[in-house]
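Only one structure is covered here, and it is reproduced in the block below.
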Amino acid sequence: MSENRSRVTVHSKLTWVSSKPLGGKPHELSALDHAMALHTVHVIFYYRANPFERGLFDSDFSLSDLLCMYPPVMGRLARGDGGNWVVKCNDAGVRTLRASVGTTLDEWLRSADASEERDLTVWEDMPGDPIGCPALVFEGLMGTWLDELAIAMLGGRMGLSYVGSGAGAWIGRMDAVLGGRMDAVLVGRRGAVLVMLNEFEGGGLAIGLSCPHMLADPTCATLFFKSWTETNRGEPVCHPPIYHLPALNARRSLSTGINSIKYLETKSKSAESPSGKMATATFRLSHSIIKQCLAQIHDECPDATPFDLLAALFWIRIMRLKMPRHDQKHSLSICVDVRKPIHGPIPYGYFGNALHFSLLSMDAELLDTAGLGHVAGAVHRHVADLHEEELLSAMNWFESRKGENGQYAQPFMMYGPELTCISMEHMITPEGSTCESSMYEAAFRKGEEPVHMTYRIGNVEGEGLIMVMPSPEAGLARTVTVTLSEEQLAELCEDQAIMDLQPTMLLGGKM
């Protein structure tokens, strides 16, 4: 968290547990989960009104009820017997921080930069060994150990509250304390999921959710949060978590000639690519502007989506900032979620990582001169050509990297060194002509949907990151978050082609 001029003040912390003891076997992480180990996921939901105005701890304990469906969320990362990462489902709970923000929600969205926004979540850029980090960035090892001891022995009475539906929620864990719970204290120090509740002056609320990327990808984290809001409204969970994929495990096709596998093999051998100091800006683009732009490129790419358009536009403009020679190729790593394209093997509620990375390359001269419609068409064809065989083969490639002892290969940087663009188009649910997003259905009370959402990936390196996601306006409107070096981002925020789209600039857009 920022040490200087922070307007966010953490004033308490607690641990939420399920409304009944669960325990259970360790949750084993997949090969793709292990590959994401160098990154973290952070999601922030902004609300105009505080849904917990009576006080979070006087609520109906909807989170405690939901956690009965999510044992891994309450667990702790640890090494399993074979050396691979597992989540020990020891009912240790979800760490929750409460904080106040010294300004209103509107003023925050106007004036805060991306660096300050980090203060609304718990951040740790992941090294190779997650257990080597303290559980929270502002706590040392001893403080963490004492907090865990408070959970285990005193139910939180050493300064860390332990919250659940009644005293039995933690008394029932005493057997676990005496029968192996101290292993979680001494070994699994990192909480699987960390939540931060930030109250703005005037009643607004931002809820930050953080987790290791090896546990969950952005879609998975979003669906967990959305399930919390559904439980709070007393409604059934729309997408209950699914932890195992027997249909996928049974399909062992591995076509080594597929371009995505060649790309992953090259990426896995790439040296680290120092990026210098990075900055992030958010551009909110209206339905009417996107509709107008799609009409302008219709002749060249009649089936273009908002993602095709925006990925192409920002790729072109960022490439021009980097000024490559025209005899070079310029590449874009495109990241898509595979839950929706593969209807059988990977259902929407799958808990874990279900991302596919592929590489689109173009001659720099063509990228610079061909025009937006041509590049958008290239992006569209690339994504449309990602068939089920390629998606499954890429996932099985990660599985094939196991050693003789069954231990997964070392992780590598998935976001970088190439410029990476993440699509969240799969979160759009067509409802007539409105194209509502399930992301913005995460309302604790009916009619009080989020007014803004932020996704951030920890430990991005190389040329930067573009993320194209739905917008609260719905329809064709989109929000684009861009992470680049500070100098390049400052130029991008003044780029005339971007400014012609009349974006609303949020959280760092005003340099």
Worksheet item: Within the set of pairs 6 or more residues apart or between chains, which connect a residue that is on the phi > 0 side of the Ramachandran plot inside region 76-98 to a residue that is open to solvent by 20 Å² or more (accessible area, probe 1.4 Å) and at pLDDT 90 or above with Cβ atoms less than 7 Å apart?
Response: Gly83/Gln407
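Please pick out the residue among Glu441, Glu491, Glu463, Glu418 that is among the acidic types (Asp, Glu), surrounded by 15 or more Cβ atoms within 10 Å (Cβ to Cβ) and under 14 Å from Ala281 (Cα atoms). Write out each step before concluding.
Details: Glu441 fails: under 14 Å from Ala281 (Cα atoms); Glu463 fails: under 14 Å from Ala281 (Cα atoms); Glu418 fails: under 14 Å from Ala281 (Cα atoms).
None of the others qualify; the one that does is Glu491.
Taking strands (runs of 3 or more DSSP E) that do not extend beyond region 1-120, which have at least 1 residues that are farther than 17 Å from Leu209 by Cα? Step through it out loud before you land on a result.
Values: elements: 8-16, 40-47, 76-79, 85-88, 94-101.
Ranges flagged: 8-16, 76-79, 85-88.
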Worksheet item: Can you tell me which residues in region 438-489 are in contact with a strand residue (DSSP E or B) (Cβ under 6 Å, 6 or more places away or on another chain) and of a type in the set (Lys, Arg)?
Response: Arg456, Arg478
Worksheet item: How about region 495-511: which of its residues are at pLDDT 95 or above and assigned to a loop (DSSP other than H, G, I, E, B)?
Response: Asp495, Asp500, Leu501, Gln502, Pro503
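Consider region 205-250. How many of its residues are part of a loop (DSSP other than H, G, I, E, B) and surrounded by fewer than 22 Cβ atoms within 10 Å (Cβ to Cβ)? Before the answer, list the steps.
From region 205-250, those part of a loop (DSSP other than H, G, I, E, B) are 213-217, 233-241, 243-245, 250; that's our starting set.
Narrowing further to those that are surrounded by fewer than 22 Cβ atoms within 10 Å (Cβ to Cβ): 233-241, 243-245, 250.
Selection size over region 205-250: 13.
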Worksheet item: Among the numbered criteria (1) at pLDDT 90 or above; (2) open to solvent by less than 10 Å² (accessible area, probe 1.4 Å); (3) under 22 Å from Ala497 (Cβ atoms), which single criterion is violated by His380?
Response: (2)
Worksheet item: Assuming His287 fulfils every condition listed in (1) at pLDDT 90 or above; (2) open to solvent by less than 50 Å² (accessible area, probe 1.4 Å) apart from one, which condition is it?
Response: (2)
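Take His326 and tell me if it is farther than 30 Å from Leu392 by Cβ, modelled with pLDDT under 95 and open to solvent by 20 Å² or more (accessible area, probe 1.4 Å).
Values: farther than 30 Å from Leu392 by Cβ: yes; modelled with pLDDT under 95: yes; open to solvent by 20 Å² or more (accessible area, probe 1.4 Å): yes.
The answer is yes for His326.
The values are calculated or read from the model by the stated rules, or taken from the named source; none is laboratory data. Bear in mind the structure is a predicted one, so any value in this text is a computation, not a measurement. With ideal geometry, Cβ positions are generated from the backbone for all residues, glycine too; neighbour counts draw on all protein chains shown. Just the protein is used for accessible areas: all its heavy atoms, side chains included, with ligands, DNA and RNA removed. Shrake-Rupley method; radii C 1.70, N 1.55, O 1.52, S 1.80 Å.
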